[in-house]
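Down below is the structure, laid out as structure tokens.
The values are calculated or read from the model by the stated rules, or taken from the named source; none is laboratory data. Because the structure is predicted, anything quoted here is derived from the model rather than measured. Neighbour counts are summed over all protein chains in view; Cβ atoms, including those assigned to glycine, are modelled from backbone coordinates with ideal geometry. Side chains are part of the model used for accessible areas, which takes the heavy atoms of the whole protein and leaves out ligands, DNA and RNA. Shrake-Rupley method; radii C 1.70, N 1.55, O 1.52, S 1.80 Å.
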Amino acid sequence: MRVFDRIHLSSFQVIILGFLLVILLGSMLLTLPIATASRESASFSDALFTSVSAVCVTGLVVRDTATYWSGFGQAVILCMIQIGGMGVVTLAVAIAMLSGRKISLMQRSTMQEAISAHHVGGIVKLTGFILKVTLCIELGGAVLLVLAFSRDFPPLQSIWYGLFHSISAFCNAGFDLMGRQAPFSSLTSYAANPLVNLTVIALIVIGGVGFLTWQDVRANGRHLRAYRLQSKIILSMTLLLILVPALLFFLLEFSGGEWAGRTLGERVLASLFQSVTPRTAGFNTVDLTAMKEASLTLVILLMLTGGSPGSTAGGMKTTTVAVLFLSAVSVCKRRETVRCFGRRIDADALRSAAAILLMYLMLFLLGGLAISLLEDLPVLTCLFEAASAIGTVGLTLGITPGLCAASRLILMGLMFFGRVGGLTLIFAAASGKRAYVSRLPKEKITVG
């Protein structure tokens with residue numbers, strides 16, 4: 001009997017192992033001489049960091065993607081972004097489907113966990129739907145971006161740039177190829193371009209709302225009452241987290257100062273873009289280092305919030321924040337249960353949301369403070385970088401390329417945690433352990 005026949009992995013362990021294997025493979029490919037523009041082998045440290053950032057769809061980089069990596073290296077990075085955004089398990093199931101192989105119950109169960117589906121039934125059909133929609137949206141976004149980039153780049157380069165940035169935006173990765181204009185410049189040269197801004201915003205939002213929400217929209221259209229409670233919360237929170245921060249950014253950053261001479265349309269566009277991109281996308285159209293501390297704090301909060309469950313985005317997730325907020329409302333109204341849209345939210349969801357919040361805040365604070373001590377840098381700057389990593393965002397204040405090996409390891413750990421998810425890691429570690437059904441005596445304590 002082979003050794004592997006005795007190994008029984010849970011769905012959560014399969015997900016984690018899949019991400020780790022893709023990261024390792026990507027690191028090995030990026031160390032090849034052909035992967036760099038200079039044809040000199042990249043250090044394993046640089047390759048590993050880039051691979052983790054790409055697979056975890058973050059966008060933090062230690063080398064400028066456009067100038068340091070060759071076309072082969074950029075293609076490897078793009079493949080890792082696509083795999084990380086769609087999910088290792090999703091693509092594995094898709095390959096099995098295309099090859100005509102039968103999808104086992106174990107694969108269906110793993111797929112269910114990977115995309116946060118409520119049940120196993122219909123999971124194969126949902127996978128096919130995800131692939132079709134992803135392909136259509138990414139190609140549509142690429143066409144629009146090619147039209148914008150064709151004014152500044154040769155035809156073949158504009159096609160490559162359009163495809164690369166469309167996939168990067170849809171997968172909420174934040175990797176860009178604009179370093180040839182200025183290193184680590186992201187989309188700052190397109191701050192006033194409506195086509196680039198609106199296309200990237202749309203790709204980020206569509207990728208960040210989650211696959212199950214797409215399915216609800218497709219099935220029920222404008223009949224909002226027929227939507228799942230989760231879809232209603234996701235769409236409501238997404239709209240709220242776009243409009244309110246956009247208004248705050250407009251008032252804090254874009255209503256005066258150097259933006260006073262810009263048109264109202266340009267200022268509104270900049271406000272909307274900065275409102276959308278912190279929730280795990282990582283592109284920026286303005287100089288973040290010139291922002292006020294109040295604006296940077298708002299960006300940190302948005303980065304920690306992230307996208308929605310079962311999406312290409314990371315972070316705590318919009319539903320986590322919504323459940324915690326609704327729980328606070330129920331306490332203020334002295335209700336025994338948490339309610340939303342005429343439905344009662346299960347107590348397990350509240351416990352999970354509280355656990356996720358605690359884990360994210362602890363790791364975010366500990367990671368940021370550790371980097372500050374290691375690098376002797378301002379705490380807010382390091383907290384910004386830590387929030388960007390654990391939220392799988394990719395926005396930076398420019399310190400990542402100069403960090404020491406220990407600080408890079410911290411950021412890589414935060415990126416992996418943010419993409420895989422805290423509960424996935426906990427459940428993977430706890431798989432196979434015995435669950436106790438006995439109950440201890442209950443006693444009340446006072447909080448608050």
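Extension gain, L32-L366: 0.36 nm per intervening residue step, less the Cα-Cα distance, totals 116.8 nm. Bridgeable aspartates and glutamates around K317 (alpha carbons under 18 Å apart, same-chain partners fewer than 8 residues away excluded): E113, D346, D348. With only the Cα atoms considered, the range 348-412 has a convex hull volume of 79 Å³ per residue. Taken along its principal axes, the alpha carbon cloud of the range 264-415 reaches lengths of 51, 43, 28 Å, longest axis first.
Residues C332, C171, C79 ordered from highest to lowest accessible area at a 1.4 Å probe: C332, C79, C171. The tail of the calculated P(r) for the range 310-376, taken as Cα-Cα distances beyond 15 Å, holds 61 percent of the pairs.
Across the alpha-carbon set of the range 200-277, the Rg to Rh ratio works out to 1.11, Rh being the Kirkwood radius. Just list whichever of K125/K333; K132/K232; K333/K442; K232/K333 have alpha carbons separated by over 32 Å in the model shown. The pairs that break the limit, which is 32 Å between Cα atoms, are K125/K333. Magnitude of the charge dipole for the range 334-373, about its Cα centre and with charges confined to Cβ atoms of Lys, Arg (+1) and Asp, Glu (-1), is about 280 debye.
Measuring max minus min along each principal axis, the C-alpha atoms of the range 334-373 give extents of 48, 17, 16 Å (largest first). When the alpha-carbon atoms of the range 248-289 are used, the pair Rg, Dmax equals 10.0, 30 angstrom. Amide hydrogen proximity for W69: with H placed 1.01 Å from N in the peptide plane, the residues at 5 or more positions away or on another chain lying under 5 Å are A37. Here the range 136-154 is scanned for amide nitrogen atoms under 18 Å from the site 7 Å beyond the Cα of S189 along Cα-to-Cβ, giving 145-154.
Amide H contacts for V338 (H built 1.01 Å from N in the peptide plane; partners 5 or more residues away or on another chain; cut-off under 5 Å): I345.
Over the range 164-231, the fraction of Cα-Cα pairs per 5 Å bin, rounded to whole percents and listed from the shortest bin up, is 3, 16, 19, 19, 13, 10, 8, 7, 4, 1. Which percent of the accessible area of the range 235-380 is formed by carbon and sulfur heavy atoms (probe 1.4 angstrom)? That share works out to 66 percent.
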